[in-house]
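Taking it in order: structure first as structure tokens, then the write-up.
The values are calculated or read from the model by the stated rules, or taken from the named source; none is laboratory data. These numbers come from a predicted model, not from an experiment. Neighbour counts are summed over all protein chains in view; Cβ atoms, including those assigned to glycine, are modelled from backbone coordinates with ideal geometry. Heads up: the accessible areas ignore ligands, DNA and RNA and are worked out on the full protein's heavy atoms, side chains in. Shrake-Rupley method; radii C 1.70, N 1.55, O 1.52, S 1.80 Å.
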Amino acid sequence: MLAHVRRRFVEAAKVQPKGKRGRADEAVALIGQLYRIEREHKDADLAVRLAARQQHSVPALAALHAWLTMTLPVVTPKSALGTALSYMRDYWSMLTRYTERGDLPIDNNRCENAIRPFVIGRKAWMFSDTTAGANASAIIYSLVETAKANGLEPYTWLRRVMRDLPAAKTVEEVEALLPWNWHTRI
């Protein structure tokens, strides 16, 4: 979510007069501080990351919120900056949730990158001959992306699953074929 907010301020900065630094640049810089804190602690264990977030990110978010509260009333609501500010205000509670735990990501970019093929495929599904065909396409996309998310080569994994699934007689044998359990089989 924070990446979306940042992107809106980057777009707002593009409509500023050339060579001028404005309020959108201030927002990008404040958000950049949050990402810098995350980069500095990306390899830390969860407890250390949580402590860093509490010590550094929470005050940085407080500064960003104070800036938001001060800036929102003086900006035209329909402007690029106004819509970016409104978006940040509307999603503020979700933007700050990651500071409550050490295992939550600062944004959902990883998830969005994983579902991008579905968004692209959505246009193709409109031309499926039947609802069942569109559903089958969605299932295949889901299987392929789940394999990728678990570090597997999708074609190899699907071939093996299709070969071994008919012989699976118990729930444990079926679960062993799931992509997140696959590495234990190799």
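Can you find even one residue in segment 109-120 that is part of a helix (DSSP H, G or I), modelled with pLDDT of 95 or more and within 20 Å of the chain's Cα centre (by Cα)? Give the derivation first.
Filtering segment 109-120 for residues part of a helix (DSSP H, G or I) gives 109-120.
When the remaining residues are screened for being modelled with pLDDT of 95 or more, the result is none.
No; the residues of segment 109-120 include none that is part of a helix (DSSP H, G or I), modelled with pLDDT of 95 or more and within 20 Å of the chain's Cα centre (by Cα).
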### Query
Which condition number does G102 fail, the rest of (1) in contact with an Asp or Glu (Cβ under 9 Å, 6 or more places away or on another chain); (2) part of a helix (DSSP H, G or I) being met?
(2)
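For the condition in contact with a Lys or Arg (Cβ under 9 Å, 6 or more places away or on another chain) and closer than 15 Å to M1 by Cα, what is the one hit in A80, A84? Let's see the steps before the verdict.
Working: A80 fails: closer than 15 Å to M1 by Cα.
Answer to the check: A84.
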### Query
Within segment 1-30, which residues are farther than 17 Å from G82 by Cβ and open to solvent by less than 30 Å² (accessible area, probe 1.4 Å)?
L2, A3
### Message
Tell me whether segment 96-103 contains one or more residues that are open to solvent by less than 90 Å² (accessible area, probe 1.4 Å), farther than 30 Å from V144 by Cβ and without any contact (Cβ under 8 Å) to a residue 24 or more places away in the chain.
### Response
no
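To keep it simple, each residue is scored yes or no on (1) surrounded by 12 or more Cβ atoms within 10 Å (Cβ to Cβ); (2) not aliphatic (A, V, I, L, M).
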| residue | (1), (2) |
| --- | --- |
| L50 | yes, no |
| Q54 | yes, yes |
| V58 | yes, no |
| A62 | no, no |
| H65 | yes, yes |
| L68 | yes, no |
| T71 | yes, yes |
| P77 | no, yes |
